[in-house]
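The block underneath contains the structure these notes are about, expressed in structure tokens.
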Amino acid sequence: MSEKEYVKNIKLICELLQSDPTPGVILKLRESFETLSKQLKAGPFLEVFEATLSNIPFSALFSLLAAPDNKLIVTVAEVTGQLLKPVTWPMVHQTFEEYIIQGLAHPHPVVKALVLRQFLKCEQKADPLCDIGMAMDYLLSEESVSAIKTLLAGNESQRFRVYDVVAAAIKDSDSSFEFFRQE
């Protein structure tokens, strides 16, 4: 039986991550991550998800968000978002806390929106282990508010993402309603 296409693609990404970041390597990384994004969507999700995370650590994905190529940043942010979908807020907070602040300060709006979406995962009604206060502390932090204001100044798609995050926060927390009303 031949090797599955997503396994070949993941191996190629691993090889490229070990290479010097020349323009050619960055282009191949972009193409490979675009393919991986399609493979995650097409499935089988669990197999592709496990194969990806077994071979490509999140730290490598996060480091690519600093690449000098906007299309690569967007594609890696999309793949990272897909990989984070099944991950709960407590796990995001515990495992990726350092990246939360970095992501909010990132110059690219797609990365800011990726981080803001993680706060929506904290719903105490659905997950009793989720500390809504902790998620709100992050959401209402100076870094988050700055990211929100930056995204609100952007295009319609960016503003919609912010409205989605703010509406969800208001739904789950009376204090966030007061906070955003004053902002």
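The values are calculated or read from the model by the stated rules, or taken from the named source; none is laboratory data. Model, not experiment: these values are computed from the prediction. We place every Cβ from the backbone using ideal geometry, glycine too, and count neighbours over all the protein chains shown. Quick note on the areas: whole protein, heavy atoms, side chains included, nothing else; ligands and nucleic acids left out. Shrake-Rupley method; radii C 1.70, N 1.55, O 1.52, S 1.80 Å.
Here the accessible area is traced with a 1.4 Å probe on the protein chains. For segment 8-157, carbon and sulfur cover 57 percent of it. For residue 143, what is the net charge nearby, where nearby means another residue's Cβ is under 13 Å from its Cβ and Lys, Arg count +1, Asp, Glu -1? So the environment of residue 143 carries a net charge of -2. Applying the Karplus relation 6.51 cos²θ - 1.76 cosθ + 1.60 with θ = phi - 60° to segment 10-19 yields 3J(HN,Hα) values of 5, 4, 4, 4, 4, 5, 5, 5, 8, 8 Hz, where x marks Gly and Pro. Across segment 1-129, Cα pairs under 8 Å and at least six residues apart give a relative contact order of 21 percent.
Taking trypsin sites (Lys or Arg not before Pro) across segment 1-40, the ones in a DSSP loop with at most 14 further Cβ atoms lying within 10 angstrom of their Cβ are 4.
Taking Cβ atoms as reference points and 10 Å as the exclusive limit, the residues near residue 85 contribute a net charge of +2, counting Lys and Arg as +1 and Asp and Glu as -1. Per residue, segment 19-119 exposes 48 Å² of solvent-accessible protein surface, assessed with a 1.4 angstrom probe and all protein chains in place. The accessible-area ordering, largest first, of the residues 138, 163 stands as 163, 138, per a 1.4 angstrom probe.
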